[in-house]
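Single-structure report; data block below.
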Amino acid sequence: MAGRWIEQWDPEDETFWKEKGERIARRNLLFSVLSEHIGFSIWTLWSVMVLFMGPEYGVDPAGKFFLIATATLVGAVIRVPYTFAVARFGGRNWTVFSALMLLLPTGAAFLVMEPGTSYGTFLAVAALTGVGGGNFASSMTNINSFFPLRKKGWALGLNAGGGNIGVPVVQLVGLLVIGVAGAAHPRIVLGVYIPLIVVSALCAALFMDNLAPVKNDTGAAKEAVRDPHTWIMSFLYIGTFGSFIGYSFAFGLVLQTQFGRTPLQAASLTFVGPLLGSLIRPVGGSLADRFGGARITLWTFAAMAAATGVVVLASVSESLPVFLVGFIALFVLSGLGNGSTYKMIPGIFQAKALAKGMTGEAAEAYGRRLSGASMGLIGAVGALGGLAINLAFRQSFLAAGTGTGAFVAFLACYAVCFMVTWAVYLRRAARTAAPAATTETKPQLSYAEV
């Protein structure tokens with residue numbers, strides 16, 4: 001695991017970037033996407049497995065929601081150590097290891113996925129799939145180090161979007177298996193992914209690199225924990241990524257439970273929202289590069305609140321077509337917001353560096369250091385939003401037999417996210433957060449521009 005270390009790396013140097021850096025960064029991005037893609041598929045595996053669990057499994061809808069909530073929880077918590085593992089072991093080395101770790105939950109699910117298995121066993125195996133959620137944190141932290149600030153929105157959006165597509169892909173594989181072989185053969189899905197995991201690990205070993213300048217910095221982690229922007233962005237990320245992953249886990253089960261869809265009918269619809277939400281994530285990053293992440297995030301939350309209102313009306317009136325339109329719109333908007341919020345993170349810490357009077361390479365180094373340390377925490381807390389969504393659905397169905405109450409709570413959350421984004425990053429006082437003076441090499445940033 002000791003090979004392929006790059007000793008010097010300065011992506012902000014335009015000459016270095018054009019001559020060598022961009023080619024290396026793009027190669028690492030490509031294979032990072034592959035590994036993260038498989039990781040997302042395994043993390044959301046139980047959103048597909050529950051569709052195979054008919055009455056003979058003896059698990060009611062509330063129990064199924066708890067299975068997927070368990071996978072969400074473990075995937076969120078494990079993101080913190082995965083973030084700092086990149087600096088400790090190297091981005092390439094950790095990508096190889098984390099990819100091979102996916103064999104554990106996939107193999108375990110292959111062994112136990114049959115009627116008669118105890119609910120406790122299913123719960124333990126669902127928890128193991130959380131290691132797939134950790135891949136996102138290490139991948140984003142790694143790719144953040146490869147690209148210059150002006151390219152981070154696009155690069156991080158593409159990395160995350162390509163990874164997120166693992167959600168609809170595993171759902172499409174589940175649809176294909178149910179449609180061709182029937183709902184009694186969940187092991188076929190697992191058999192497809194075992195060789196893909198090996199391929200992703202092999203590609204990471206052969207084609208990715210470690211960056212020696214990215215050192216394990218516990219001081220940066222402590223500083224990120226103390227910085228209020230880490231927690232503000234964590235809250236906003238709950239509203240964007242938390243929504244995406246929570247809805248991705250729950251969509252098919254909601255269709256089955258509230259609208260009486262069969263496993264095949266549910267699987268034929270489940271993949272559409274996650275697919276569109278994943279594809280648009282790089283667009284969110286690119287729009288944030290151009291117009292500012294805070295502005296894109298603000299209006300994304302406004303649109304998400306409106307779409308949730310449509311879903312509430314459809315749920316009350318039991319209109320499946322209107323429900324699908326509103327729910328899929330939520331996926332698209334959450335994907336857009338995923339890209340814009342992750343663009344905000346490096347921009348915020350760059351603005352803080354300039355506000356402290358730093359210039360040039362010192363400001364850039366500070367921004368990279370703090371944004372890299374904070375990303376794992378933000379990603380972990382944001383993913384907990386997916387847990388909250390699944391627990392809210394579980395409680396709503398237990399109490400009233402529908403998901404209406406959960407959607408009302410989500411609408412209120414998006415309204416709060418809108419107000420927080422405006423108050424912290426876009427109101428008049430935020431625009432003057434950075435000093436008015438400029439440097440010869442870099443213009444000053446304000447929080448309104450992040």
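The values are calculated or read from the model by the stated rules, or taken from the named source; none is laboratory data. Small disclaimer: the values here were computed from a predicted structure and weren't measured. Every residue, glycine among them, receives a Cβ derived from its backbone with ideal geometry; neighbour counts consider all protein chains shown. In case anyone asks, the SASA skips ligands and DNA or RNA and just uses the protein heavy atoms, side chains included. Shrake-Rupley method; radii C 1.70, N 1.55, O 1.52, S 1.80 Å.
Can you run phi through the Karplus equation (6.51, -1.76, 1.60; θ = phi - 60°) for region 389-405 and list ³J(HN,Hα) in whole Hz, with x for Gly and Pro?
Taking θ as phi minus 60°, the curve returns 5, 5, 5, 5, 4, 4, 5, 5, 6, 5, 7, 10, x, 9, x, 4, x Hz for region 389-405.
Using a probe of 1.4 angstrom, how much of the accessible area of the chain is carbon and sulfur, in percent?
68 percent
Suppose every K and R has +1 on its Cβ and every D and E has -1 on its Cβ; what is the size of the dipole of the chain about the Cα centre, in Debye to the nearest 20?
Around 560 debye, computed over the chain.
Please list, in order along region 226-231, the HN-Hα scalar couplings obtained from phi with the Karplus expression 6.51 cos²θ - 1.76 cosθ + 1.60 (θ = phi - 60°), rounded to whole Hz, x for Gly and Pro.
With the stated coefficients, region 226-231 comes to 7, 7, x, 5, 4, 7 Hz.
Once you put a point 7 Å from the Cα of V112 and another 7 Å from the Cα of K222, both along the Cβ direction, what distance in nm separates them?
4.0 nm
Which far-off residues, 5 or more places away or on another chain, put their amide H under 5 Å from the one on N210, with H placed in the peptide plane?
W5, I6, R92
Might you report the magnitude of the Cβ-based charge dipole of region 27-136 about its Cα centre, with Lys and Arg at +1 and Asp and Glu at -1, to the nearest 20 debye?
520 debye
On a C-alpha basis, how far is the centre of region 72-122 from the centre of region 175-242 in Å? Whole number, if you could?
First find each Cα centre; the distance between them is then 9 Å.
Can you tell me how region 152-199 classifies by the Cα gyration tensor, rounded, prolate or oblate, using a/c under 1.5 as the rounded cut?
Oblate, because a/c is 1.5 or more while a/b does not exceed b/c.
Note down the nm distance, to one decimal, between modelled labels 7 Å out along Cα→Cβ at Y119 and at R27.
Label at Y119, label at R27, 5.2 nm between them.
Keeping all protein chains in place, calculate the accessible area per residue for the chain (probe 1.4 angstrom), answer in Å².
36 Å²
With a 10 Å cut-off between alpha carbons and a GNM built on the chain, which of L384, L111, L370 moves the most?
Most flexible of the set in this elastic network: L111.
When a/c reaches 1.5 or more, the comparison of a/b and b/c decides; with that in mind, is region 185-267 rounded, prolate or oblate per its Cα gyration tensor?
Since a/c reaches 1.5 but b/c is at least a/b, the shape of region 185-267 is classed as oblate.
Using a simple spin-label model with points 7 Å from Cα along the Cα→Cβ vector, what separation in nm is obtained for A412 and L104?
Here the answer is 3.8 nm between the modelled labels.
Considering the chain as a Gaussian network with a 10 Å cut-off on Cα pairs, which listed residue, L398, L149, L175, attains the greatest mean-square fluctuation?
L398
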